[in-house]
Each structure stands twice: as C-alpha cells, then as structure tokens.
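Enquirer: Quick one: this structure, given as structure tokens, is what I'll be asking you about.
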Amino acid sequence: MTAQGERGTEVAEATTEVDVAPEVVWRALVDERERRAWWPDMHLDAVVGGAVRETWEEGDAQLTSTGTVREVLAADELAFTWSDEDWEAITAVTVRLRPSASGTRVTVREDGFAQLADGARIAAEHRAGWQHHLGRLRDHLAAD
C-alpha cells in the first residue's frame with residue numbers, strides 16, 4: 001500500500017492492490033451490509049445525490065463527517081464530497097478501481113484541503129485514514 005501527496009501537501013492519496021476482481025471490490029464498497037464488515041462507522045448511499053456519513057468516537061467526543069455522492073460509475077469509480085463538522089469548506093473524494101495483474105488496484109484521492117485553515121495537517125491525517133481504511137478493505141477481501 002502506498003500513500004502520497006501529489007501537488008503538495010494538500011492532497012490525501014492512498015493506493016492498495018487486492019487479489020479480487022473490480023466487481024468484488026465494488027460490492028464491498030457500495031453494499032451497506034458488506035461495507036459494515038470492514039468500515040462499520042460509514043454509511044454510503046451509492047447513488048448520485050446520496051448521503052455519505054461517518055460517525056466515530058474519539059475520546060469522549062462523538063465526531064461526524066458528511067458528504068454527498070457526486071458520481072457513480074459502476075465497478076469503476078465513486079466520487080463524493082466530504083466535510084467535518086467544524087470545516088469551513090468541503091473536500092472532494094474519488095475512489096477508483098482499476099484491473100491489475102493481481103486483481104484490482106484501488107486508489108482513493110481527496111482534494112481541496114488548501115481551502116481549509118490547517119489543510120496540510122488535515123490532509124496528512126486523512127492520508128493516514130485512507131491507508132487505514134484501504135488496509136481494512138484489503139484484509140476483508142482476503143478473508144473471503
């Protein structure tokens with residue numbers, strides 16, 4: 001798995017390879033029941049205009065991020081907006097699935113951190129977060 005910040009530190013990008021077909025990865029992303037097996041805090045209505053919501057606990061606080069699905073290209077690409085409760089702007093997340101020699105290359109890219117007051121720090125946190133979630137996806141798919 002790789003993580004990088006192309007075009008400066010205001011981009012969060014993470015990539016992993018999984019040993020299954022793109023259609024299997026797609027189902028793990030968009031099927032609510034299957035996604036809960038590896039990302040239980042995330043709700044995603046995978047239709048254009050659908051809601052995106054992640055709620056988790058950090059210490060004594062319950063935090064929520066929300067967004068809206070912007071694009072759905074079956075078994076290929078999913079794009080949505082993303083914002084934490086205290087952000088002054090939104091970011092744009094794109095999840096791309098590409099066939100690879102081993103199965104599927106999954107890339108998550110989040111842009112727009114330059115609009116945030118502490119964008120470089122938040123981008124670094126999100127880069128680590130995307131790596132974490134892609135690792136959980138990879139482990140989930142390997143266990144099936």
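Enquirer: Counting alpha carbon pairs within less than 8 Å and at least 6 residues apart, what relative contact order, in whole percent, applies to the stretch 71-130? List each step's numbers first, then the result.
Expert: Working: 78 pairs, mean separation 13.9, N = 60.
So the answer I get is 23 percent.
Enquirer: Which FRET efficiency value, to the nearest 0.05, do you get for Ala21 and His132 by plugging their Cβ-Cβ distance into 1/(1 + (r/R0)^6) with R0 = 35 Å?
Expert: On the way: r = 24 Å, r/R0 = 0.68.
Once rounded, the FRET efficiency stands at 0.90.
Enquirer: Find how much the distance from Gln115 to Thr68 grows on full extension, using 0.36 nm per residue of separation minus their present alpha carbon separation; answer in nm with one decimal. Could you put the intermediate results ahead of the total?
Expert: On the way: separation 47, 0.36 × 47 = 16.92 nm, distance 1.82 nm.
Extra length available between Gln115 and Thr68 comes to 15.1 nm.
Enquirer: Here's a follow-up. Normalised by the number of residues in the chain, what is the relative contact order in percent for Cα pairs under 8 Å and 6+ residues apart? It would help to have the intermediate numbers written out before the result.
Expert: Details: 307 pairs, mean separation 44.4, N = 144.
Worked out over the chain, it gives 31 percent.
Enquirer: Using label points projected 7 Å from each Cα along Cα→Cβ, tell me how many nm separate Ala143 and Arg96, to one decimal.
Expert: Result for the modelled spin labels: 3.0 nm.
Enquirer: Fewest first, what order do His132, His126 take by the number of other Cβ atoms within 10 Å?
Expert: His132, His126
Enquirer: I would also like to ask the following. How long are the three semi-axes of the equivalent ellipsoid for the stretch 25-144, computed from the Cα gyration tensor as the root of 5 times each eigenvalue, in whole Å, largest first? Provide the component values of the computation, followed by the final result.
Expert: On the way: eigenvalues 107, 53, 44 Å².
Calculated on Cα positions only, the semi-axes equal 23, 16, 15 Å.
Laboratory data are not the source of any read-out in this text; all were calculated from the coordinates shown. Because the structure is a prediction, the values reported are computed rather than measured. Cβ: placed from backbone, ideal geometry, glycine included. Neighbour counts: every protein chain shown.
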